[in-house]
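A.B. asks: Let me give you the structure first, and then I'll get to my questions.
Coordinate-derived values only; no laboratory data. Values in this document were obtained by computation on a predicted structure and should not be read as measured data. Note: ideal-geometry Cβ built from the backbone for every residue, glycine included; neighbour counts use all protein chains shown.
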Amino acid sequence: MKSLKKFFALCLTLALVLSLAACAQKPAETTDPAETPDTPEQEVEAPVTARIAALKGPTAMGLVKLMSDAPSSANGPLYDFTLAGSADEVTPALIKGELDMACVPANLAAVLYNKTEGAVQVLAVNTLGVLYIVENGESVQSLADLKGKTVVAAGKGSTPEYALRYLLSENGIDPDADVTLDWKSEHSECVAALASGQASIALLPQPFVTVAQSKIDGLRMALDLTEEWDKLDNGSALITGVIVARSDFVEAHPAAVGNFALPHRLRRKCGLGQRQHRRRRRAHRRIRHRGCRRSGKGPALLQYCLHHRSRTS
C-alpha cells in the first residue's frame, strides 16, 4: 500500500511539472511578410575608366604587367594610362581634373597635398628604394667615402636629391660643402658621363643601373641607399614613388580606386615577391600625409621634403 501511494505521488509530481512547462512555452510568433521592413539594396558601383599617369622610369615600372594585361569591363577599359617624361606634365593635369590618379615621386605627393589643401591624397606606396651609388672603381665603400668626391645625378628637386642629401647629413657629411653634386637633366646623361669617363661616380635608380652596367665594364653598385637608410633605424623607409589621386574621385569611385591602389592588390598586379610586398606594406602604413602634416610623425623623407620646401619657397 505504501509503495502504491508513493507511485501515485510521483505521477502527480510529474504531471505538475509537465503542466508548468507547457504553460511557460509561448507560441512562435508568425511574421506577416507584408510587415517585414524593406532592406535597402546595396548599390553596385558601375565600372569606370580611370585616367592614370606615371613617370617614365622607376615610378612606372610596377605598372608594366597591368598595362600589358589591359583589363576591361563591358563599359570599356578600366584604365587609361599616360606615360610622362617629367612631373611638370602630371601636376597641372591632376589639379585640373584631367587625370584621376598618378604615380609620382614621394616629394611631389607632399607638395600636391599641401598645394591643393587635401584635394590630392596619397593612396599607396608603389616604389620603394631603387636608388644606388654606382662607381667605376673601388674607392667608395661607405657614405663617408663620398667626402671630397663628385657625384653625377639626375632628379634635382625630387626624391633622389632629397634622399641623398638626407643620408649625407645623417652621416655627418655636408652635401653642399663636402660633396660636389653635378646635376643632370636625365638619368641617361649620367650613364653617358660614366661611359665617356667624364664621371666615375653616379647616383642612379633602377633600371638605369642595369643599363649602365651592361654598357660599362667594371661599373659596380657601391652603395644601396635603401640599406643605408635602414641603418639609420629612424622608424621610416626610403620611399621613391607613391600613388596619388584626386579626393573627389576617391569618394565617387571607391571600388575603382581600391582595385587599383590597395597594397594587397599591388603584389599580384606587379608580380612582386613576398619580401618586397611585406616591405611595401610596412612603408604604406608609415606614409600618411595628414599624419605628417598635423602631428609631425610622418616619414623622415617627407618631413625633410616639407622642411626643405619651406626654406626654399
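A.B. asks: Points 7 angstrom from Cα along the Cβ direction at Ala46 and Ser142: gap in nanometres?
C.D. replies: For Ala46 paired with Ser142, the spin-label model returns 6.3 nm.
A.B. asks: Report, in listed order, any pair from Lys149/Lys215; Lys149/Lys184; Lys65/Lys215; Lys56/Lys184; Lys56/Lys156 with a Cα-Cα distance greater than 21 Å. Intermediate values should be presented prior to the final figure.
C.D. replies: Details: Lys149/Lys215 23 Å; Lys149/Lys184 16 Å; Lys65/Lys215 26 Å; Lys56/Lys184 16 Å; Lys56/Lys156 16 Å.
The pairs that break the limit, which is 21 Å between Cα atoms, are Lys149/Lys215; Lys65/Lys215.
A.B. asks: Next up: Magnitude of the Cβ-charge dipole of region 57-198, K/R +1 and D/E -1, about the Cα centre, nearest 20 debye? Don't skip to the answer; put the middle values down first.
C.D. replies: Details: 8 positive and 18 negative charges, 31 e Å.
The calculation lands at about 160 debye.
A.B. asks: Taking the Cα-to-Cβ direction at Ala74 and at Ala93 and moving 7 Å from each Cα, how far apart do the two end points lie in nm?
C.D. replies: Modelled inter-label distance: 3.0 nm.
A.B. asks: According to a simple spin-label model (label point 7 Å from Cα along Cα-to-Cβ), what is the distance in nm between Ser185 and Glu251?
C.D. replies: According to this spin-label approximation, the distance is 4.1 nm.
A.B. asks: Under 5 Å between amide hydrogens, which residues at least 5 positions from Val48 or on another chain qualify, with H placed 1.01 Å from N in the peptide plane?
C.D. replies: The answer is none.
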